[in-house]
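Taken together, the values in this text are just the output of simple stated rules run on the coordinates, not laboratory data. Values in this document were obtained by computation on a predicted structure and should not be read as measured data. Here Cβ is always computed from backbone atoms with ideal geometry, including for glycine, and neighbour counts include all displayed protein chains.
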Amino acid sequence: MGSNTEHVGGDAAPGGDQTRGQLPSEDLLKLLRCPETLQVLRLAPAELVGRVNRERLPARNGAPLTVPIAHGLVREDGAVLYRIDDGIPVLLIDLGIPLSPTTAPPQLHTEGDRI
């Protein structure tokens, strides 16, 4: 039985079964939360992943999308997508991909701020 670890990105295979090896387990997906807001994350629909790839949406830190993504996790409010690389969710706030221009970066507190 072969492995799909060589698949780099682009469109998912018809039926989706051939790319399942690149996704985290169902048990892990139930536990994952957005690192910024703690909202539930869900697998992004193929249409949304396609839009991110077509529009080459940059990450929050401004890094351009250089390699198409095959799968991602979208935040419950639909504002941010986190890519999945080789079955590993990349849950770093700076590498989240804002899906709307109004998705602002997180507010960081400075030493003088009262919390």
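Report the far tail of the P(r) of region 36-98, meaning the percent of Cα-Cα pairs longer than 14 Å.
When every Cα pair of region 36-98 is considered, 49 percent fall beyond 14 Å.
When the Karplus curve 6.51 cos²θ - 1.76 cosθ + 1.60 is applied with θ = phi - 60°, which whole-Hz ³J(HN,Hα) does each residue of region 58-67 get, with x for Gly and Pro?
Karplus-based 3J(HN,Hα) across region 58-67 equals x, 5, 4, 7, x, 5, x, 7, 9, 10 Hz.
Rank these for me by crowding, Leu29, Leu99, Leu38, going from fewest to most other beta carbons within 10 Å.
In increasing order of surrounding Cβ atoms, one gets Leu38, Leu29, Leu99.
If you take every residue apart from Ile93 with its C-beta less than 14 Å away from the C-beta of Ile93, what net charge results, scoring Lys and Arg +1 and Asp and Glu -1?
Combined, the nearby Lys, Arg, Asp and Glu give +2.
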